[in-house]
Amino acid sequence: MSEGGRARGRGGRGKPKEPQTNLPPGVQAVQQQTAPVARGRGRAAVRPAATIEPPSAAQAPPIMQGHPEPQAVPAYGGGGRGVQRGGGRERPTGPPTDEMGALSLRRSPRSAYDKYVDAVYKASEKCSVGKSGESVALYSNYFQVNLATDLKIFQYHVSFKPEVENNRVKFGLIAALSEVVGAVKCFDGGILYLQKLLPKDPLECVSERSYDKAPITVTFKFVCEVYANSPQFLQIVNLMFKRVQITLDMKQIRDHYFNIHLATKIPKHRIEVMPGFTTSILGYDGGNLLCVDTIHKVLRIDTFLDVLYQTFHSVRQNAEEFRRKATKELVGVIVLTKHNNKTYKVDDIAWDARASDCFEKNGQMISYSDYYKEHWNITILDKDQPLLVSRPTEKDLRRGDKKNLFLIPELCIITGLSEQMRSDFNVMRDLAVHTRVGPGERLKQITRLLQQINETPNAGEVLKPWRIGFSSKPVEIAGRTLPAENLLMRNNRGEFLKISYEPREADWSRNMRNAGLLTAVNMDNWIIIFPRASSTLASDLSDCLSKVGRGMSMRINNPIAIEMNDDRNESYLQAIRQNLNQSIQMVVCVVPNQKKDRYDAIKKCCCIDNPVPSQVVVTKTLQKKQGMMSVATKIAIQLNCKMGGEVWGAEIPLKGLMVIGIDTYHDSAHKNQSVGALVASLNKECTRYFSKTEYHPSKDELMRNLQPLMTAALRKYHDVNKALPQKIILYRDGVGDGQLQTVFHSEQEQVMSALKDTGGQDYRPGFAFVIVKKRIQTRLFAKEGNGINNPCPGTIVDQIITKPNWYDFFLVSQSVRQGTVTPTSYNVIYDDSGLQPDHIQRLTYKLTHLYFNWQGTIRVPAPCQYAHKLAFLQGQTLHREFSAYLSDKLFFL
């Protein structure tokens, strides 16, 4: 019922584990100073310098005495603090214990990032900053955070008896104890930060709940001291920034804050768009920085109950059909309860439950209607409405919450867009007016927020006691723009032809019109299957394919035309089985609509049961005569790829190179399984690929069976090239910062095992493991004259807004026609490839040119996108591993 309606009583939500606070015997905390130390990418940063006398080398632990410099480098980017990666970082001359004094003596909770750096990254000689490209001046959506260096904070764990679920009530109880805890405090619902030490530990106080005057016992237990120069203090700064947003009259919805009063309604589509901001304060190479980006939440104007009524009337008040349709369309949506601004997933609809039903709350039975009236002063109007069921998440189950949560439809607003809305061009066009903000306007909105914070007295009152300040000017960065690539195709004599393009557009669709495919596969024997109603369109498609094929040096003969009397799924499958033989190179099916079950049936037949490259074409795409040649050109390119051909290539000078893309996708038919896909290049130009998939437990992005996939790819490479690769670059998509340590230890070890299994103990190719992240908040803006524009494709940033001790960089590889471009983050977590940062960055940019489904650059390297397409096809359609016959073809495009 509640945290607003929680029936399962989630007391103590978010209660953290208490960190260890014991100090080593005889060690006392000391006042620290700050001193500049060369670190990271050749830039100076601030590091606390201790006043403790470091032990001599003889006193150091045995592992530190005379320990040789490591020869193999597990990762660049990593390393030990103050250790050179190039670019001017100084190597310490004393024993490693010299830096121990710079560490906080008290232990504090460690983030996934801190643990990952300690566990994975080692000292490296490499520099992680590139030099190639033309310098470009950029703004970012980062702002400098100014913190005091001598502030000391006391951390307390807070518990309530009886348990309190509502965070607003918790905050009220703490506010009523200001005489005890002081006016300067920071509370997040479970942890309290103070600037003074409480008189007793633990300390118990009694505070009255505001709405019923019930006495609540509040217990404060000391956890540890937090210094302003420790990473944990940034958690406090993040909490304070949330309080600042509250002073600006913004409302919290899940993890972000929104301007509810600035919501824009789009009445004709019954939706509204609510603007807000996503914020994060972390330590970067440029110091402590605040990252801010604009976001939008789309809400329906109607409540969930209104939608139920609309569904009921749409089926002419047929009760059985109403329940079936409502369950199909509404179960699975995310709803917002406006009384507490929380979101929940609707897992089911309890048709027999009512708001008058009772549940147990604090040992007493109370109805849902009375609960909302007493706790939220909300009167439920429709007493006959069913209830919505939200089942406990994995996190809830781990915490011991096993009861379902029941919601009142009348109080719920559906968030996001339905599939029908997403497929409606008019809805998406009208929505884009509000959500796709251009670079100039986006930077203006972000900067205005910081100016408002610095100019608002209430915000200043929140920040001043903690001596926190934010710059109103965005951080400026010197980026680099890589040159445009030359693409390789062929002329009508079969000679190599270089194709260029306009760098800012990064699109070569016009430039390749008179060029031939790099490697064309003639389509001599193929079949086209269509219902009788689509016979004219199928004939037109065949004629156009033959015409465009000649222009691309690809011979496309007349197909075997198979006309069906109807468009039933079984009719398509029967036509394929009856006409398929060893000589058939391609099956093209013309379908009247986008029915998923028909598409799935055709693909299962052609990818598993009767392996043959296949293409499904919807009649809607063939009905515009003026665009028929353009459509046929794109289809012909796909057909060539699916038969093993190559469209264009890029100039990649590395010999013996294999590039691998890995991605995962949750299987829609098997909720407890996820698909992992590996796509590996087989030639120097990275235009031919081998693909293979595996299954692993759901909600686990870690590929448990990567080793056999990697072994199969290496053997296929050897079959094609008569040698194993000399260098392997692996791009891994779909990994968050919290999973880096697990991915490194598991997947990197599986790759190494595959190398030994394939080539023996002496086979040690250069290898680099790169994590690719698309869903990031970082934005870059190019200064052009007096205006702000999107950076040109090929723009690289590898300093200031990059992580300390990481070998990472941002790359803008794509061009967008509307809105603000989003860069892609690349984090090299392992590297002994022998390649310089410039080489890795240039190679990454080249690979974004090689996705054959788009005649332009894309956001990620082509192998990553191919892996995503393959994992998506198997997870959404096939639900089984495809035939090995198709493993060396891009059949999934």
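Do we have residue 380 as within 21 Å of residue 307 (Cα to Cα) and touching an Asp or Glu at 6+ places or on another chain (Cβ under 8 Å) here?
yes
Which of the residues that make up the range 725-738 are surrounded by fewer than 18 Cβ atoms within 10 Å (Cβ to Cβ), more than 17 Å from residue 834 (Cα to Cα) and touching a residue at least 40 places away in the same chain (Cβ under 8 Å)?
Matches in the range 725-738: 737, 738.
If residue 132 meets every condition in (1) buried (at least 18 other Cβ atoms within 10 Å of the Cβ); (2) not in a strand (DSSP E or B) apart from one, which number is that one?
Of (1) buried (at least 18 other Cβ atoms within 10 Å of the Cβ); (2) not in a strand (DSSP E or B), only one is false for residue 132: (1).
Looking at (1) touching a His at 6+ places or on another chain (Cβ under 9 Å); (2) surrounded by 20 or more Cβ atoms within 10 Å (Cβ to Cβ), which one does residue 714 not meet, given that it meets all the others?
Result: residue 714 passes all but (1).
Can you go through 603, 625 and tell me which one is surrounded by fewer than 21 Cβ atoms within 10 Å (Cβ to Cβ) and not polar (S, T, N, Q)?
Unique residue meeting the criteria: 625.
Here is a check on your reading of the model: is residue 282 assigned to a strand (DSSP E or B), out of contact with any Asp or Glu (no Cβ under 7 Å at 6 or more places or on another chain) and open to solvent by 50 Å² or more (accessible area, probe 1.4 Å)?
yes
Would you call residue 255 among the acidic types (Asp, Glu), loosely packed, with under 13 Cβ neighbours inside 10 Å and either within 30 Å of residue 301 (Cβ to Cβ) or touching a Lys or Arg at 6+ places or on another chain (Cβ under 6 Å) (or both)?
So residue 255 passes the test.
Answer with yes or no whether residue 838 is open to solvent by 10 Å² or more (accessible area, probe 1.4 Å) and acidic (Asp, Glu).
yes
Would you tally the residues in the range 464-515 being among the β-branched types (Val, Ile, Thr) and over 20 Å from residue 849 (Cβ atoms)?
3
Restricting attention to the range 151-191, which residues are out of contact with any Ser or Thr (no Cβ under 8 Å at 6 or more places or on another chain), open to solvent by 40 Å² or more (accessible area, probe 1.4 Å), over 18 Å from residue 375 (Cα atoms) and part of a loop (DSSP other than H, G, I, E, B)?
Answer for the range 151-191, where residues must be out of contact with any Ser or Thr (no Cβ under 8 Å at 6 or more places or on another chain), open to solvent by 40 Å² or more (accessible area, probe 1.4 Å), over 18 Å from residue 375 (Cα atoms) and part of a loop (DSSP other than H, G, I, E, B): 183, 184, 188.
Could you check how many residues of the range 476-512 are on the phi > 0 side of the Ramachandran plot and open to solvent by 50 Å² or more (accessible area, probe 1.4 Å)?
Final tally of qualifying residues: 0.
Scan the range 851-871 for residues that are under 20 Å from residue 664 (Cα atoms), in contact with a strand residue (DSSP E or B) (Cβ under 7 Å, 6 or more places away or on another chain) and surrounded by fewer than 20 Cβ atoms within 10 Å (Cβ to Cβ) and report the count.
1
Yes or no, residue by residue, for (1) closer than 22 Å to residue 142 by Cβ; (2) open to solvent by 40 Å² or more (accessible area, probe 1.4 Å); (3) part of a loop (DSSP other than H, G, I, E, B):
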site	(1), (2), (3)
745	no, yes, no
752	no, yes, no
755	no, no, no
764	no, yes, yes
768	no, no, no
772	yes, no, no
775	yes, yes, yes
783	yes, yes, no
791	yes, no, yes
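Pick out the one residue from 571, 539, 553, 614 that is in contact with a strand residue (DSSP E or B) (Cβ under 7 Å, 6 or more places away or on another chain) and surrounded by fewer than 19 Cβ atoms within 10 Å (Cβ to Cβ).
None of the other options fit; the residue is 571.
Give me the residue from the range 873-888 that is assigned to a helix (DSSP H, G or I) and open to solvent by 20 Å² or more (accessible area, probe 1.4 Å) and, out of that set, nearest to residue 660 (Cα to Cα).
Filtering the range 873-888 for residues that are assigned to a helix (DSSP H, G or I) and open to solvent by 20 Å² or more (accessible area, probe 1.4 Å), the one nearest to residue 660 (Cα to Cα) comes out as 884.
Identify all residues within the range 679-703 that are surrounded by 15 or more Cβ atoms within 10 Å (Cβ to Cβ) and basic (Lys, Arg); write none if there are none.
684, 688, 692
Restricting attention to the range 236-252, and to residues there that are open to solvent by 60 Å² or more (accessible area, probe 1.4 Å) and without any contact (Cβ under 8 Å) to a residue 60 or more places away in the chain, which single residue is farthest from residue 468 (Cα to Cα)?
Among those that are open to solvent by 60 Å² or more (accessible area, probe 1.4 Å) and without any contact (Cβ under 8 Å) to a residue 60 or more places away in the chain, it is 249.
Filtering the range 663-677 down to residues that are touching a strand residue (DSSP E or B) at 6+ places or on another chain (Cβ under 7 Å) and either closer than 17 Å to residue 727 by Cβ or polar (S, T, N, Q) (or both), which residue is most open to solvent (accessible area, probe 1.4 Å)?
Only one residue tops the list, namely 672.
Going through 432, 484 one at a time, which residue ends up being over 26 Å from the mean Cα position of the chain (by Cα), touching a residue at least 12 places away in the same chain (Cβ under 8 Å) and within 30 Å of residue 777 (Cβ to Cβ)?
484
If a residue has to be over 18 Å from residue 856 (Cβ atoms) and in contact with a helix residue (DSSP H, G or I) (Cβ under 9 Å, 6 or more places away or on another chain) to count, how many in the range 641-654 make the cut?
Of the residues in that region, 4 qualify.
Among the residues of the range 371-390, is any touching a residue at least 40 places away in the same chain (Cβ under 8 Å), on the phi < 0 side of the Ramachandran plot, of a type in the set (Ser, Thr, Tyr) and out of contact with any strand residue (DSSP E or B) (no Cβ under 9 Å at 6 or more places or on another chain)?
yes
Mind counting the residues in the range 440-468 that are open to solvent by 20 Å² or more (accessible area, probe 1.4 Å) and touching a strand residue (DSSP E or B) at 6+ places or on another chain (Cβ under 6 Å)?
Going through the range 440-468 one residue at a time, the tally reaches 4.
The values are calculated or read from the model by the stated rules, or taken from the named source; none is laboratory data. Here the structure is a predicted model, which is why all the values come from computation and not from measurement. Backbone-built Cβ (ideal geometry, glycine too); neighbour counts: all protein chains shown. Ligands, DNA and RNA are excluded from the accessible area calculation, which covers all protein heavy atoms including side chains. Shrake-Rupley method; radii C 1.70, N 1.55, O 1.52, S 1.80 Å.
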